[in-house]
Amino acid sequence: MSRGTAGTCELCKHQTSKSQMTRHVAGCAPEHDESGAREQLVQLKFDADGDPRYWLHLEARANATLKQLDSLLRRTWLECCGHMSAFRAGPSELSMGAKIGSAFSRKGSRFSYEYDFGSTTALVGQVVGTREGCPGRAPVRLLARNNPLDWHCASCSHAAVIVCPFCIYEDDCLFCETHAQNHSCADEEAYLPVVNSPRMGVCGYVG
């Protein structure tokens, strides 16, 4: 199983491939329900647009709002400076006050999400399915996510821990602690950490 496509279930810590995780969480989520009144739930999957090695599985109450979904995406993957964000179905922007069960009602339907309209991080969302259950108090919960990707220093074979935001679109933007000090930009105040997020190295994102 390639580390770049593997992920971990946040409910039981089982690790499996990206292709198998959809089936796993469909069975695992009901096993981790709490006692109480059952309600309609929507299961969603997100991929980073342009780099599907980054992915998340989420489950939301049907009556939760897109604003609450937005909050979880920010906490997990995106928040750096309070930028604006938006969900879109085709060309139409959806209201952040819309209910998830109404906005995303059809299994298999796709939608898009953007965080920060300057240095944008874009995601592609899909409705995986719906079920009835009692997931606890949170309006949206994280079910699974990709494992951290393997990044190596541009100057040696050691694991990279620093990313240079000035060189983020170049081949030599990732470094170990030692070689980051010798990098041509050599601006330690601007350096950002290597993190498990498609927003790594962008704006002021530190995970």
So Gly36, is it on the phi > 0 side of the Ramachandran plot and either among the small types (Gly, Ala, Ser) or within 15 Å of the chain's Cα centre (by Cα) (or both)
yes
Return the residue satisfying two criteria in turn: it lies in segment 113-133 and is open to solvent by less than 40 Å² (accessible area, probe 1.4 Å) and among the small types (Gly, Ala, Ser), and of such residues it is farthest from the chain's Cα centre (by Cα).
Gly133
Do you know which residues across segment 5-31 are in contact (Cβ under 8 Å) with a residue 40 or more places away in the chain and either of a type in the set (Lys, Arg) or open to solvent by 20 Å² or more (accessible area, probe 1.4 Å) (or both)?
Thr5, Thr8, Glu10, Leu11, Gln15, Lys18, Thr22, His24, Ala26, Pro30
Condition met for Ala154 (more than 30 Å from Leu69 (Cβ to Cβ) and surrounded by fewer than 21 Cβ atoms within 10 Å (Cβ to Cβ)):
yes
Answer yes or no as to whether Ala62 is more than 25 Å from Gly204 (Cβ to Cβ), touching a residue at least 60 places away in the same chain (Cβ under 8 Å) and surrounded by fewer than 20 Cβ atoms within 10 Å (Cβ to Cβ).
yes
Among the candidates Ser105, Ser92, Ser155, Ser109, single out the residue that is in contact with a Cys (Cβ under 9 Å, 6 or more places away or on another chain) and of a type in the set (Gly, Ala, Ser).
Ser155
Run down Arg74, Arg88 and say which single residue is of a type in the set (D, E, K, R), open to solvent by 40 Å² or more (accessible area, probe 1.4 Å) and out of contact with any Phe, Trp or Tyr (no Cβ under 6 Å at 6 or more places or on another chain).
Arg88
Just wondering, is there one or more residues in segment 146-154 that are assigned to a strand (DSSP E or B), within 30 Å of Ser92 (Cβ to Cβ) and out of contact with any Asp or Glu (no Cβ under 9 Å at 6 or more places or on another chain)?
yes
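Okay, residues lined up against (1) polar (S, T, N, Q); (2) under 13 Å from Val128 (Cβ atoms):
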residue	(1), (2)
Thr5	yes, no
Thr8	yes, no
Cys12	no, no
Gln15	yes, no
Thr22	yes, yes
Val25	no, yes
Glu31	no, no
Arg38	no, no
Gln43	yes, yes
Looking at segment 6-24, can you tell me whether even one residue there is of a type in the set (A, V, I, L, M) and either part of a loop (DSSP other than H, G, I, E, B) or within 30 Å of Gly204 (Cβ to Cβ) (or both)?
yes
Can you pull out the residues in segment 87-120 that are among the charged types (D, E, K, R) and not in a strand (DSSP E or B)?
Arg106, Lys107, Asp116
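The values are calculated or read from the model by the stated rules, or taken from the named source; none is laboratory data. Everything numeric here is computed off the predicted structure, so don't read it as measured data. Reconstructed Cβ throughout: ideal geometry from the backbone, glycine too, with neighbour counts over all protein chains shown. To get the accessible areas, we keep the full protein, side chains included, count just its heavy atoms, and leave off ligands, DNA and RNA. Shrake-Rupley method; radii C 1.70, N 1.55, O 1.52, S 1.80 Å.
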